[in-house]
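S.K.: Quick one: this structure, given as structure tokens, is what I'll be asking you about.
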Amino acid sequence: MANPEGLPSTVQPDLSSGPRLNQWWEIEVVGSLALEESLFWRLQEMGCQGMASQHIAEALSVKSYLPCYQIEEAELAPMATCLRQDAMALGEPPPQVTWRQIAEEDWAEDWKQYWHPQAVGERLLINPAWLPRPENTDRLVLQLNPGVAFGTGTHATTQLCLQALERQLQIDPSQSQIIADIGCGSGILAIAALLLGAQKAYGVDTDLLAVGAAQDSRQLNGLSTTQMIVASGSLETLAELLPGPVQGFCCKYFGPCDIGVDPAICKHHAAR
Ligand SMILES: C[S@@+](CC[C@H](N)C(=O)[O-])C[C@H]1O[C@@H](n2cnc3c(N)ncnc32)[C@H](O)[C@@H]1O
């Protein structure tokens, strides 16, 4: 059986690298607005673990973060070339790419200033955990502290998933819905499902930092470990954890996705 709160058996960072574990590359890409989706996709594929985008007049700035233990500085220039080539392939001017090394504490503080409470759909309000909890609201407040994991709710694709969840759980508001969130990141979708009335949610992610963030977010929202089960791993882990069929899957990847053909998952997908 998979251990819901356990460590993955996959390769772990080289702990002998000492302080580099707390060091990050902050990669900033400034280009045209039309590049947003392709930049997010490519940076995620390159292993970046957190992204913040800002529209400045007609330009887009995307800051993303890579742990220094994962990549040497010499490898960043080829990454920048790849980002510029992507832009040219889309008929856009090549973006400007710069990078600097920062400490984890700076990373954590720097991007927080761009993130504010955000209403999503008809019923949810995403609130950064370090801000006061909004009081005069009819919305369901989802407290979030993603740390270095993906999933602040600011990205359009996450918002679309949240709105889809809201619609789905409204159509069938019975209290017995079980939801599986594959690639849960901060746990935002699993938590939203529970706030919207699902009975139970399972979240899995291959990134250990995401697993920790999802566990923290679970606690922030006063959810129990039996309501929201978080595990490191992917489809196989989920298949081991699920006691039976689930009523819905959330899965938001930027990379190629083979979930539709995975028998381990299909056998757990309840017919609607
Ligand atoms: C784009 S983020 C989505 C996070 C969150 N669900 C959201 O909607 O904001 C994708 C997440 O999937 C995780 N991931 C990538 N490949 C995965 C895989 N094969 N199995 C499980 N998780 C995976 C990443 O670590 C990342 O946290």
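The values are calculated or read from the model by the stated rules, or taken from the named source; none is laboratory data. Keep in mind that this is a model prediction, so the values were computed, not measured. Every residue, glycine among them, receives a Cβ derived from its backbone with ideal geometry; neighbour counts consider all protein chains shown.
S.K.: Considering only region 194-216, state which residues are within 11 Å of the ligand (Cβ to nearest atom) and crowded, with 24+ Cβ neighbours inside 10 Å.
M.R.: Gly203, Val204, Asp205, Ala210, Val211, Ala213, Ala214
S.K.: Within region 220-252, work out how many residues are surrounded by fewer than 14 Cβ atoms within 10 Å (Cβ to Cβ) and either at pLDDT below 95 or within 12 Å of the ligand (Cβ to nearest atom) (or both).
M.R.: Number of matching residues: 4.
S.K.: Looking at Gly31, is it modelled with pLDDT under 85 and not hydroxyl-bearing (Ser, Thr, Tyr)? Outline the logic, then answer.
M.R.: Working: modelled with pLDDT under 85: no; not hydroxyl-bearing (Ser, Thr, Tyr): yes.
In short, no.
S.K.: Restricting to region 28-52, name every residue that is loosely packed, with under 15 Cβ neighbours inside 10 Å and without any contact (Cβ under 8 Å) to a residue 24 or more places away in the chain.
M.R.: Within region 28-52, just Glu37 meets the criteria.
S.K.: Still on this structure: Output the qualifying pairs, or none if there are none: Cβ atoms under 8 angstrom, residues six or more apart or on different chains, first residue in region 150-170 and assigned by TED's automatic domain parsing to the domain that holds Ile191 and over 24 Å from Gly212 (Cα atoms), second residue part of a helix (DSSP H, G or I) and more than 7 Å from the ligand (Cβ to nearest atom).
M.R.: Once the first residue is assigned by TED's automatic domain parsing to the domain that holds Ile191 and over 24 Å from Gly212 (Cα atoms) and sits in region 150-170, its partners that are part of a helix (DSSP H, G or I) and more than 7 Å from the ligand (Cβ to nearest atom) give Glu166/Ala192; Leu169/Ala193.
S.K.: If you don't mind, there's one more thing I want to ask. Can you say whether Ala164 is under 17 Å from the mean Cα position of the chain (by Cα), among the hydrophobic types (A, V, I, L, M, F, W, C) and either over 22 Å from Glu37 (Cα atoms) or away from the ligand (no atom under 14 Å from the Cβ) (or both), as far as the supplied structure shows?
M.R.: When the stated conditions are applied, Ala164 does not pass them.
S.K.: Within region 198-219, how many residues are hydroxyl-bearing (Ser, Thr, Tyr) and closer than 11 Å to Gly183 by Cβ?
M.R.: Qualifying residue count, region 198-219: 1.
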